[in-house]
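Notes follow once the structure below has been shown.
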Amino acid sequence: MLTRPLLAILLLAGCGPGPVPGDPTLELGIGEGRFASFEDNQTLDLVRGCQGAQHVWTALRATGLDPRGTIIDLSMRRAADDVVVSQAFVVRVSLDPVGGEDGVAEVYGLQLVVPEPDQAIGQDLFMRATVTDRAGVEVFDERPMRVDWGDGGCL
């Protein structure tokens, strides 16, 4: 039979891959096939998708989280009136460890759909990402940006 102190030590030690020590961080980026940073107030490409909508390729890079089965919540809002100009985007997905960077994990190729481009193009916007891991640790990043029609998309 385990004593309470021994049980507490075993529970604190945990098992399997878990959160990385240190303060968790999240960086909002862009990218269809890889993570790329973007500058505040940068104009991001709004591309036409194969199913008739248009989207911004979005990517995330996190540290200090358990990367397995995270919940990702993305949105885009107009700065002037805080109106959401993107479709709801909430998904459970695992982040992939980045080789050679201890505790860093990322995901890319997320399509944040903008159903009414006229409500977003030419406007000051904020893109926001929140990631919650299995232990309930939550991190977010919010970046000012703009969108305009870009090259690419479905041919």
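Of the residues that make up the range 78-88, is at least one over 22 Å from GLY49 (Cβ atoms) and without any contact (Cβ under 8 Å) to a residue 24 or more places away in the chain?
Scanning the range 78-88, I find at least one residue that is over 22 Å from GLY49 (Cβ atoms) and without any contact (Cβ under 8 Å) to a residue 24 or more places away in the chain, so the answer is yes.
Can you work out which of the residues in the range 103-155 that are among the acidic types (Asp, Glu) and assigned to a strand (DSSP E or B) is surrounded by the fewest Cβ atoms within 10 Å (Cβ to Cβ)?
Looking at residues that are among the acidic types (Asp, Glu) and assigned to a strand (DSSP E or B), I get ASP151.
State all residues of the range 73-88 that are in a strand (DSSP E or B), within 22 Å of VAL139 (Cβ to Cβ) and over 14 Å from the mean Cα position of the chain (by Cα); if no residue qualifies, say none.
Matches in the range 73-88: ARG77, VAL84.
When you go through (1) in a strand (DSSP E or B); (2) of a type in the set (Val, Ile, Thr); (3) surrounded by 13 or more Cβ atoms within 10 Å (Cβ to Cβ) one by one for VAL91, which number turns out not to apply?
(3)
Is it the case that ASP96 is farther than 22 Å from GLN51 by Cα, without any contact (Cβ under 8 Å) to a residue 40 or more places away in the chain and of a type in the set (Asp, Glu)? Walk me through how you get there before you give the answer.
Values: farther than 22 Å from GLN51 by Cα: yes; without any contact (Cβ under 8 Å) to a residue 40 or more places away in the chain: yes; of a type in the set (Asp, Glu): yes.
Yes, satisfied.
Any chance the range 48-66 includes a residue that's assigned to a loop (DSSP other than H, G, I, E, B), aromatic (Phe, Trp, Tyr) and either buried (at least 21 other Cβ atoms within 10 Å of the Cβ) or modelled with pLDDT of 95 or more (or both)?
Initial filter on the range 48-66 (assigned to a loop (DSSP other than H, G, I, E, B)): 49-53, 64-66.
Pick out the ones that are also aromatic (Phe, Trp, Tyr) and you get none.
Among the residues of the range 48-66, not one is assigned to a loop (DSSP other than H, G, I, E, B), aromatic (Phe, Trp, Tyr) and either buried (at least 21 other Cβ atoms within 10 Å of the Cβ) or modelled with pLDDT of 95 or more (or both), which makes the answer no.
Within the range 129-145, does at least one residue satisfy the condition of being more than 16 Å from the chain's Cα centre (by Cα), closer than 21 Å to ASN41 by Cβ and modelled with pLDDT of 95 or more?
Within the range 129-145 (the criterion being more than 16 Å from the chain's Cα centre (by Cα), closer than 21 Å to ASN41 by Cβ and modelled with pLDDT of 95 or more), the answer is no, since none of the residues qualifies.
The values are calculated or read from the model by the stated rules, or taken from the named source; none is laboratory data. Given the structure is predicted, the values throughout are model-derived calculations rather than measurements. FYI the Cβ positions are ideal-geometry reconstructions off the backbone, even for glycines, and counts take in every protein chain you see.
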